[in-house]
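A.B. asks: Got a structure for you, questions after.
The values are calculated or read from the model by the stated rules, or taken from the named source; none is laboratory data. These figures come from a predicted structure and were not determined experimentally. Note that we place each Cβ from the backbone using ideal geometry, even for glycine, and neighbour counts take in every protein chain shown.
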Amino acid sequence: MSRLAYILKRCLITALMRKSNDHSGSRRAVPPLPALVAFEAASRHLSFTRASEELSLTQSAISRQITLLEQLLGVRLFERIRQRVNLTPAGRFYAEQVRDVLGRLTTATEEAIAFRGQGGILRLRVPPTFGTRWLIPRMGRFFERHPEVTVSFTTRLPGAIDFRREGLDAAIHVGEAAWPGVALHRLTAGEAVAVAAPSLIKSLPIREPKDLRRATLLIHRSRPESWSKWFDAHRLGAVTALPSLAFEQFTMVFQAAIAGLGVAIAPSFLVRPELASGELARLFEPIVEKDQGDFFVYPLEKKDFAPVAVFRDWILREAAIASETRG
């Protein structure tokens, strides 16, 4: 914690302690919301005039709210240089904190309102290939059942998810089935299959698993261990010495395989279109990575949030139907 942050924190704590014997007084130590809203707008625009236009207030009203806030904190938040205003070091620190608090307050308010019914906004993070190949084709059925829910998609590559920092309610997680503090529901079985272009299978040639030792292996960066598990399942030893190409998205992995650049390994459900078209052919029996898969995940405190609950029930039904269809 910086010295400035420490000083501001101590100022607020001291103000609260001075009012500890007066409950209504302790509440008055918390800055009033209109002052915080006015300050946040002015700090973002670096202009009292533009803040007043955004909030439909007079410039003098903005100035009064900020003066009130500075008096409460005992520090200057703005400094005036010629015809412009700039944030002081204290103002820059406080603006960041206030913006975060107001953002979380807005989100909490929207979510609280959603408890009146099943409606609301679901902020969902989805890996690109999973989204385009599995989720999006099914979303029409969700909206038919739940037109009251709006889904705001964020498309990101697989990786660590910080729900609060990213402003997410839920996500599709690709990887291991272990994540403390988060509800996790399996969608896919973690079945992985090796595939290659028919021309490559013929030219190498590839007739049995050990023939892959002469091939270039195509890898998705989010699943770097898939080939090692495939080789272990076929008792072929280590793969570290084999040539390989790594990609960020499965669509790129598939295109590289179609171009004959190597042999790919991928979740069976994702590569189904290329197998159906004949652009790629399956090599041998798939393996099941028991610790891997695709999961619907959300923070435990979101389990009763209406958009999360209805989407969870729907997507688990869709996953069960897809599994039965494959069977």
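A.B. asks: May I ask you to say which residue of 168, 184 is in a loop (DSSP other than H, G, I, E, B), within 17 Å of the chain's Cα centre (by Cα) and modelled with pLDDT of 90 or more?
C.D. replies: It is 168.
Listed here are the residues, each with its yes/no results for (1) buried (at least 19 other Cβ atoms within 10 Å of the Cβ); (2) assigned to a helix (DSSP H, G or I).
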residue	(1), (2)
130	yes, yes
137	no, yes
150	no, no
179	no, no
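A.B. asks: Taking the stretch 54-91 only, how many residues are charged (D, E, K, R) and closer than 20 Å to residue 103 by Cα?
C.D. replies: Residues flagged as charged (D, E, K, R) and closer than 20 Å to residue 103 by Cα within the stretch 54-91 amount to 1.
A.B. asks: In the stretch 61-80, what count of residues is obtained for those that are over 15 Å from residue 49 (Cβ atoms), in a helix (DSSP H, G or I) and free of Cβ contacts under 8 Å to residues at least 24 places away in the same chain?
C.D. replies: 3
A.B. asks: Hey, another quick one. Say whether the condition of being of a type in the set (Val, Ile, Thr) and in contact with an Asp or Glu (Cβ under 7 Å, 6 or more places away or on another chain) is met by at least one residue in the stretch 215-232.
C.D. replies: Taking the stretch 215-232 and keeping what is of a type in the set (Val, Ile, Thr), we get 216, 219.
With in contact with an Asp or Glu (Cβ under 7 Å, 6 or more places away or on another chain) added as a condition, the list becomes none.
There is no residue in the stretch 215-232 that is of a type in the set (Val, Ile, Thr) and in contact with an Asp or Glu (Cβ under 7 Å, 6 or more places away or on another chain).
A.B. asks: Still on this structure, please answer the following. For the stretch 81-99, give me each residue that is closer than 17 Å to residue 36 by Cβ and part of a helix (DSSP H, G or I).
C.D. replies: 90, 91, 92, 93, 94, 95, 96, 97, 98, 99
A.B. asks: So which of 218, 270 is touching a residue at least 40 places away in the same chain (Cβ under 8 Å), closer than 18 Å to residue 197 by Cα and part of a loop (DSSP other than H, G, I, E, B)?
C.D. replies: One residue alone meets the criteria, 270.
A.B. asks: Could you please give the count of residues in the stretch 221-255 that are among the aliphatic types (A, V, I, L, M) and buried (at least 20 other Cβ atoms within 10 Å of the Cβ)?
C.D. replies: Matching residues across the stretch 221-255 total 1.
A.B. asks: Could I ask something else about it? Tell me which residues, restricted to the stretch 279-303, are of a type in the set (Gly, Ala, Ser) and modelled with pLDDT of 95 or more.
C.D. replies: Residues of the stretch 279-303 of a type in the set (Gly, Ala, Ser): 281, 293.
Answer for the stretch 279-303, where residues must be of a type in the set (Gly, Ala, Ser) and modelled with pLDDT of 95 or more: just 281.
A.B. asks: Go through 321, 265, 287, 315 for me and flag whichever is part of a helix (DSSP H, G or I) and over 22 Å from residue 168 (Cα atoms).
C.D. replies: 321
A.B. asks: So, in the stretch 81-91, exactly how many residues are free of Cβ contacts under 8 Å to residues at least 24 places away in the same chain and within 13 Å of residue 42 (Cβ to Cβ)?
C.D. replies: Number of matching residues: 1.
A.B. asks: Which residue is farthest from the chain's Cα centre (by Cα), if the candidates are limited to the stretch 213-235 and must be aliphatic (A, V, I, L, M) and within 29 Å of residue 295 (Cβ to Cβ)? Spell out how you get there, then give the answer.
C.D. replies: Let us first name the residues in the stretch 213-235 that are aliphatic (A, V, I, L, M), namely 215, 217-219, 233.
Retained after the next criterion (residues that are within 29 Å of residue 295 (Cβ to Cβ)): 217-219, 233.
Details: 217: 29, 218: 26, 219: 23, 233: 33 Å.
Only one residue tops the list, namely 233.
A.B. asks: Could you grab me the full set of residues in the stretch 42-67 that are buried (at least 20 other Cβ atoms within 10 Å of the Cβ), of a type in the set (Gly, Ala, Ser) and touching a Phe, Trp or Tyr at 6+ places or on another chain (Cβ under 9 Å)?
C.D. replies: 42, 43, 51
A.B. asks: In the stretch 35-60, how many are touching a residue at least 12 places away in the same chain (Cβ under 8 Å) and farther than 19 Å from residue 82 by Cβ?
C.D. replies: 11
A.B. asks: Could you tell me whether the stretch 290-297 includes any residue that is under 24 Å from the mean Cα position of the chain (by Cα) and among the β-branched types (Val, Ile, Thr)?
C.D. replies: yes
A.B. asks: Would you confirm whether any residue within the stretch 205-214 is out of contact with any strand residue (DSSP E or B) (no Cβ under 7 Å at 6 or more places or on another chain), in contact (Cβ under 8 Å) with a residue 12 or more places away in the chain and closer than 23 Å to residue 273 by Cα?
C.D. replies: For the stretch 205-214, residues out of contact with any strand residue (DSSP E or B) (no Cβ under 7 Å at 6 or more places or on another chain), in contact (Cβ under 8 Å) with a residue 12 or more places away in the chain and closer than 23 Å to residue 273 by Cα: absent.
A.B. asks: Hey, among 105, 157, which residue is outside the structural domain of residue 214 (by TED's automatic domain parsing), at pLDDT below 90 and part of a loop (DSSP other than H, G, I, E, B)?
C.D. replies: The conditions single out 157.
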